[in-house]
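Notes to accompany the following structure.
No value in this document is a laboratory result; all are computed from the given coordinates. It should be emphasised that the depicted structure is a prediction, and the values quoted were computed from it without experimental measurement. For neighbour counting, all protein chains shown are included, and Cβ atoms are generated from backbone atoms with ideal geometry for every residue, glycine included.
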Amino acid sequence: MESFLPIIQFLLPEFILQNFELTSINRVEGVFQVHIEEKNADEQDPERKNLLSKGFFPTITVQDFPIRGHQVFLHIKRRRWLNTQTGKVVYRDWTQVADGTRTTSEFAAFLKQISRYQLD
């Protein structure tokens, strides 16, 4: 997988690379399966200091743009945390990330796709 990383860095939006970790890439019968999981909250971030990782929501699969005629599927694991002060489960709201920002239409479509899966 490590050998794919330089190539994947050119194919995935920088935002994804900053917030998700690439866990595996498989190519079976001309189909790329790219597995990513959300990185844990930065313990140095004061807004995230009371968050305790509580694993992941079920993996969702999003079809991405083809690469040289090969289908690409992103398997996305989103993280959830327990707020130790309030006792509530929290997660990043990716729909708000796109509001008021300048993103590519491809990235906005990606955010729209993963936002269809409400995780309450």
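With respect to (1) without any contact (Cβ under 8 Å) to a residue 24 or more places away in the chain; (2) more than 17 Å from the chain's Cα centre (by Cα), the lone exception for Leu17 is condition (2). Determine whether Ile16 is assigned to a helix (DSSP H, G or I) and surrounded by fewer than 16 Cβ atoms within 10 Å (Cβ to Cβ). Criteria not met by Ile16.
Residues in the stretch 25-60 that are without any contact (Cβ under 8 Å) to a residue 24 or more places away in the chain, surrounded by fewer than 12 Cβ atoms within 10 Å (Cβ to Cβ) and in contact with a Phe, Trp or Tyr (Cβ under 9 Å, 6 or more places away or on another chain): Pro58 alone.
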